[in-house]
Each structure stands twice: as structure tokens, then as C-alpha cells.
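Asks: What follows is a structure written as C-alpha cells; I'll ask about it next.
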Amino acid sequence: MHTDENRKPTQLTDVASNREGAVRLQKPNLPRINLRFFLYPALGLIFGIFLYCRIRFGGIRATDFVFFILLFALSVRPVSWKRYLAIFLSFLLLAGAGAGLMHLYAERYRSGMDTGEYEITGTVVSFTVDEEETYVVLNHLSFDGKRTDGKMQATLASENVRTGDVVTLSAFVSHLSLPENSYGTNLFVKNIRYSADVVHFDVTGRSSNLLLRLNGKCYGVLHNNLGDDEADVAYALLTGNSGGMDDGLATAVRQGGIAHIFAVSGLHIGILYGAVALALKRFRRARVIPASALAFVYSAFCAFSVSSVRAAIMCTVLGLTQSIGRKYDFLESISFAVIVTLLIRPAEWLSAGFRLSFGACIGLALFSGTFKRGLKRIKCPAFLAEYLAANLSVQIFTFPVLYETFGYYSVWGMLLNAILIPALPALFLGLFACTVLSLIIPSASSFFCTVPNGMISALLYLFSVADFSFVLTGFSLGAGAAVWITGAAILSERVRLGRAARIAAASLLAVLFAACLVVRNAVWNGCKIVAAENGMILVRTKNECVLILANSTNLSSCERFLAQHYGGTLSAVVAFPDNGFQAVNTALFLDAEEIRLMKETDLGLQETNVVYGETFAYGELLFRYESERKLTLTCEDCVIEIDFDETQALFGDLFFNGNAGSYYLHGGKIVRLTE
């Protein structure tokens, strides 16, 4: 007979075994992805906008659906059909809404006043001063006394125009078309519908908008009390308008991976919100009201940049959840901010600012916890683990966006951010407070600006003595960008995959990513032609690389294009001189063995090797100038006609005018390349 003492261990063992069995039984029933109320609607809204833009502007591709197909595949099993149906319907509903809103935005962009001569009145909402001229963006437009929607860009022959000024000008106005390149996309996102060739203008008043007028006064205070370079940096820190910064400094900042510091981002809004919340700590729940109000007002002061709006929404959600005692869900907050932003401004999806701002937050939501735990396991100090985890998480999701936007990726980002981000609260809050005090007490403005002037001078000194030009560049990601983003999402801790499945997925994605890079960049045989915006065409074979330039091409856009597609020395640059010499001047500053021109041109003191002639060859590439605006290329038994007049092709097997996509020629066949 067994005693109670003998039974007890057996009973405990049975209970423990039952619990372990219950855990094993329950675990497979967990969904691969947790259902969040705003997550799938946000993804649906993005998909609808993305799909509409692909169909209307870029051409739809099969790879566009991969991410969303995988998302639903991971959501189905073992989710109940009712749950899956709710996910699918919410996704579908918001996808339709996104496509519809984007269509309405595009049609409104096309509407308005026709191209012609007008007397225009408008309010300056942003400006950049450059060598006795001011580039301005005008809002609240009136054409010959008739109000119209949209904004207009213009260059005014004056250095004294400021934000909030009302200007009247006589000009020939061009109504811009829907975007065909990155520059056009930027104008489209900002709703800049018109471009003006100004004949005469006058400043006729000041706007009644206090924030616009305050923006202009801040510019004056900073430039009156700081050096020019320091003032331009300070103005960029406060308003996000970095157009006035020295080109060399702006390039160094981007190459150093800290450009986000000079565009009012989530960091700035978060610092401001946190400072107010901390100062009003004793008010507990009520402090969210003034903190959120200041965040949104400051966002309005910075023209509602997408990153500031996103941060203001997320800070408000954080404050409200804390005030009612609920747990803050970071990913849900991001999803809610996406929905609000894109419902109001659907075109923001096309902007690099939207993708960088939200991509950084998504990276934090998906990976920061995993990295932090891993770093702590190897005894990394807590403060260092926090920083490294956050920085690595951000880099994962922003890498493809940064590379495709700027054509390079900074190798200095982690180091410089480690130095500057801890110092940013003191710099930003000090600059903010000193500027406010300078506006209130103008007579003491020089005294108040002393401290931020010293800190900014130290920053400028750092960039003057250190070289941050070493970047990852010279190739295109192509479809690899989609593979990278999809892989990052699947391999994150938010998707429940077993160890074996995770290893298999990581291996497959690594192979796919490498294959995409090889296919997109390598030329083993035949001829690859890459066509892009602004009249730039890159022709590559295994041994040669030739760049063809139209007269409208500028050096900065050309360097960005080459950074994205080719990192070596060009075999030649073929330029169209036409009636001007911009293409020739651009070619002279590129890294090329020689420049090809149709006829002799006065190049001044330049020592670049320039060769003239109507017909020339590089390996299997045979070129012939047909006119000063037309060129033919013969390769692989195909004739390619390049005509920047955009006239009808005469006899070419393939016709290019600078925006025709990418093609591969081999064995007499023409194959269209997809990104």
C-alpha cells in the first residue's frame, strides 16, 4: 500500500507533465503574426496607394505582390477563418480607399490654371537664399485675381524675401505634369503644380499666418547674430529647411549618415514633447494636453513635415495610453500614424521622408528587443546595448531607402550618431530656448545666441577636419531592396517561426538578395542599357561603360545617378552640346577616360581628353551622331535610337528619350529589365 508521502511526488510530476503538454498543445495554435487593430488596415492603405502609383507611373510587376502574399500566408495558419476574413476585409477596404485617394490627388494635381502669362499673388511658405537670388515656394495662389489650389516654385532676384511675405509677380507660368522622375515626384508630393519664369515681382504684404511670419523672423534673428554657416545650420535644426546650408557641408552630413538631424524629425518632436512632459510631471495625466499641443504647433511651424507629423501623432498616442493606464503598443502606434498621415496626404508614400521616418520606427519595433537581449547576453553594458540595439534596428529598415534615394550608404552613421544624438537634446533645446528669448528680447539676442553658436561651431569644426566621404556606393539594389525589406520583416521576432524555419528562410533570402545584386549589376556578355531621368543613359558591356548626357543634365543629378548604377571610371561621356554647354560642363567634371563631342567646342582651360567626330566605337558599341540632339547606337545586331527631342523614332529597334527603363541586349534580342 502506498502512503500519501509516496503519492505526492508522483502527483506533482503528473501536474508538471500535464502543464508541459498543455503548452505544447497551445503553442501551435498561436498565430504567426499577432492581429493588431490598425496593422492590416495600415498595410492595406499602403498597398492601395503603392499599386495605384505602380500602374499609373511605373508599370506593375509580379514582384510587387510578394511581400503582401507572404504576409497573408503567415497570417492564415493557424488563425480561424473568421479572424482571417476580418483581416482580409479590413486590408481590402483600406487598399481601395488608398487607391481612390491617390487617384483624386493625382487628378487635382493635373487641374488648375493652364500654362501662360499671369499676374500672380502668393504667400511664401519656404525659401532658400543663394547668391543674390531666392528660391521660393508660394501657396494661397491667385492668378489674375482668380484663386487656385496648389503651390508654385519660382526664383526671385532678391535676398530679402522671407517666409510669410506676400508677393505679387508677373511671370510666364508652366503647369507641371505628373511625375516622370525623382525630381518630379518630389514636386508632386509637395503639391507644387506650377513653375514660374518671373519677369517682375514686388513684396506687397505679410501673411496673417503667425507661424509663417514667426518662421521668417527666426531666420532674421539667427543670421543677425550668428555667422552665415552657423546660422544656416541653426535654421536647418529649427525648421528642417537645409537648403541654405553650404553644399560641401550638406554632402558631408549626408555621407556621414546624420542628415536626419538637420530635418525636423521624430527626434526633435520627441525631445520637445519629453521636455514639456518632464517639466509638467506633477500634473500627471493632464500633461499630455500641453505636450501634444506644442508638438503639433511645432510641426505646423515646420510646414507639417511628414516626420514631424508622425512623431506628434505617436507622442500623443503614448501620452494618452499612459494617462489611462494602458500598455503602449509601439507597432500599433506606428500603424495608426500611417493611417492618419496617408488618409490626409496619400502622396507622402512616394517621399523618401515618409519611408525613412516610418521605416526607422518599424525597424525599432521589429528588432530592438531582440538585439538588446542578445547584447546583454554577451555582457554588453546596458547603455551601450540600448544604443547599439536601436541603431542597428533603424539601419536594417532604412538601408535600402537611403541607398536608392542618395545612391550611397554611409559607413560612418553609427559612430557619428553615437556622438551627436546624445548631444542633440542639449543643442536643440538650447537653440529653441535661445531663439524664443531672442524674439522676445531682441536687444539681448546676441547674448542668447552665444551658447548655440559655440556648439554649432564645434560641429562645423568636426566636419572641417574629418573626412566622411567614404561610403558604400557604385551599384544598384534593384529587386534586392524588396527582398531585403521582406526578409527583415519575416525574420523579425514579430513573426513566429521555428528555429529550422528561420534558418531556412534566412539562407534563402540571402541567396535571393545576392542573386538580385548580380543580375542587376553584372554584365557577363551582351549590352546592358540603363535609362534614367534628366537625360542620362548609361550603356554597359563587360569591358566598357559609356554615359550619354543631354544638355539639361546637371552635375549633382549625374553624380547621384552614377552612384546608384556604376562606381568605376567611365570609358567615355558622350555629350549633346545643342545650343548650350551644360552637358559638356557636367562631363568635364566626371571620372571618365575621355569625352566625345560631335564637333569642336571651346572648352577654355580644361585639360580633359576630348575627342570629336560623328562616328566612334567602344568595343562592340558603335555610336553615330545623327544631329546635335540625336544619336544612334548599334550593338548585338540592334539599332537603338536616342533622341532627346522626343520625336518619333526613324528606324531604331529601340527608342530612348531618357526615361525609357532598362534593357538588356544579347544575341539580337531586346529584353526589358525589371527592378
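The values are calculated or read from the model by the stated rules, or taken from the named source; none is laboratory data. Since we're looking at a predicted model, the values are computed, not measured. A quick note on method: Cβ atoms are made from the backbone with ideal geometry, for glycine too, and the neighbour counts reach across all protein chains shown. These accessible areas exclude ligands, DNA and RNA; they are computed on the full protein's heavy atoms, side chains included. Shrake-Rupley method; radii C 1.70, N 1.55, O 1.52, S 1.80 Å.
Asks: Might you report the magnitude of the Cβ-based charge dipole of the stretch 115-260 about its Cα centre, with Lys and Arg at +1 and Asp and Glu at -1, to the nearest 20 debye?
Replies: Details: 10 positive and 19 negative charges, 170 e Å.
In debye, rounded to 20, the stretch 115-260 gives about 820.
Asks: To continue, here is another question. Mind checking which of LEU320, PRO425, VAL611 is farthest towards the positive end of the chain's charge dipole, using Cβ charges of +1 (Lys, Arg) and -1 (Asp, Glu) about the Cα centre?
Replies: The residue sitting most towards the positive pole is LEU320.
Asks: Normalising by the residue count of the chain, find the relative contact order in percent from Cα pairs under 8 Å and 6+ residues apart.
Replies: Values: 1115 pairs, mean separation 61.4, N = 675.
The value is 9 percent.
Asks: Identify unpaired cysteines across the chain, taking unpaired to mean no other cysteine Cβ lies under 4.7 Å from the residue's Cβ.
Replies: Among the cysteines of the chain, those whose Cβ sits 4.7 Å or more from every other are CYS53, CYS218, CYS302, CYS315, CYS361, CYS380, CYS434, CYS449, CYS516, CYS545, CYS558, CYS638.
Asks: Using the Karplus curve 6.51 cos²θ - 1.76 cosθ + 1.60 with θ = phi - 60°, what ³J(HN,Hα) values do you get for each residue of the stretch 118-126, in whole Hz, with x for Gly and Pro?
Replies: So the Karplus estimates, Gly and Pro as x, are 9, 9, 10, 10, x, 9, 6, 9, 7 Hz.
Asks: Given R₀ = 56 Å, what would the calculated FRET efficiency be for GLU386 paired with GLU593, taking r from the Cβ atoms and rounding to 0.05? Intermediate values should be presented prior to the final figure.
Replies: Values: r = 50 Å, r/R0 = 0.89.
Efficiency, rounded to the nearest 0.05: 0.65.
Asks: With θ set to phi - 60°, apply the Karplus curve 6.51 cos²θ - 1.76 cosθ + 1.60 along the stretch 96-112 and write out the HN-Hα couplings as whole Hz, x wherever there is a Gly or Pro.
Replies: x, 5, x, 4, x, 5, 5, 5, 4, 4, 5, 5, 5, 4, 6, 7, x
Asks: What accessible area per residue, rounded to a whole number of Å², is obtained for the chain using a probe radius of 1.4 Å?
Replies: Here the per-residue accessible area is 49 Å².
Asks: Among rounded, prolate and oblate, which fits the stretch 286-413 when a ≥ b ≥ c are the square roots of the eigenvalues of its C-alpha gyration tensor, a/c under 1.5 means rounded, and a/b larger than b/c means prolate?
Replies: On the way: a/c = 2.11, a/b = 1.17, b/c = 1.80.
Since a/c reaches 1.5 but b/c is at least a/b, the shape of the stretch 286-413 is classed as oblate.
Asks: Something else about it: Of all accessible surface on the chain at a 1.4 Å probe, what whole percent is carbon and sulfur? Each step should come with its number before you reach the end.
Replies: Working: 19780 of 33170 Å².
With neighbouring chains kept in place, the figure for the chain is 60 percent.
Asks: Going toward the positive end of the dipole of the chain, with +1 on Lys and Arg Cβ and -1 on Asp and Glu Cβ, which of TYR625, GLY652, TRP484 do you reach last?
Replies: My answer, from the dipole projection, is TRP484.
Asks: In units of 2.2 N^0.38 Å, what is the alpha-carbon radius of gyration of the stretch 103-172?
Replies: Details: Rg = 12.7 Å, N = 70, 2.2 N^0.38 = 11.1 Å.
It is 1.15.
Asks: Is it possible to state the helix-based mean residue ellipticity at 222 nm for the chain, with each DSSP H run of 4+ residues giving -39500 (n - 2.57), the sum divided by total residues, to the nearest 500 deg cm²/dmol? What is it?
Replies: Values: 21 runs with 337 residues, N = 675.
After summing the helix terms and dividing by the residues of the chain, the value is -16500 deg cm²/dmol.
Asks: Quote the charge dipole size of the stretch 136-176 about the Cα centre in Debye, to the nearest 20; the model charges only the Cβ of Lys and Arg (+1) and of Asp and Glu (-1).
Replies: 100
Asks: For ARG54, tell me the accessible area in Å² from a 1.4 Å probe, rounded to the nearest 10.
Replies: Roughly 60 Å² of ARG54 is accessible to a 1.4 Å probe.
Asks: A further question on this structure: Might you report the magnitude of the Cβ-based charge dipole of the chain about its Cα centre, with Lys and Arg at +1 and Asp and Glu at -1, to the nearest 20 debye?
Replies: Details: 56 positive and 55 negative charges, 1074 e Å.
That gives the chain a dipole magnitude of about 5160 debye.
Asks: Determine, for each peptide in 317-324, 351-358, 213-220, the mean count of other beta carbons within 10 angstrom over its residues, then list the peptides with the highest first. Kindly include the intermediate steps, with their values, before the conclusion.
Replies: Details: 317-324: 16.4, 351-358: 22.9, 213-220: 18.4.
Ranking, from highest mean packing down: 351-358, 213-220, 317-324.
Asks: Select one label from (i) 26.4; (ii) 30.2; (iii) 28.3: the one whose number is Kirkwood radius over Cα pairs in Å as derived from the coordinates shown.
Replies: (iii)
Asks: Here's another thing I want to ask about it. Placing one identical point scatterer on every Cα of the stretch 345-400 and ignoring solvent, what is log10 I(q)/I(0) from the Debye formula at q = 0.27 Å⁻¹?
Replies: Summing over Cα pairs of the stretch 345-400 leads to -0.95.
Asks: Report, as a whole number in µm² per second, the diffusion coefficient that Stokes-Einstein gives for the stretch 154-249 at 4 °C and 1.567 mPa s using the Kirkwood radius over alpha carbon pairs.
Replies: On the way: Rh = 15.4 Å.
Rounded to a whole number, D works out at 84 µm²/s.
Asks: Given H placed 1.01 Å from N in the peptide plane, which residues other than close sequence neighbours of PHE656 have an amide H under 5 Å from its amide H?
Replies: GLU641, ILE642, ASP643
Asks: Under 5 Å between amide H atoms, partner at least 5 residues away or on a different chain: which partners does GLU119 have, H built in plane at 1.01 Å?
Replies: Distant-sequence amide H within range of GLU119: ASP144.
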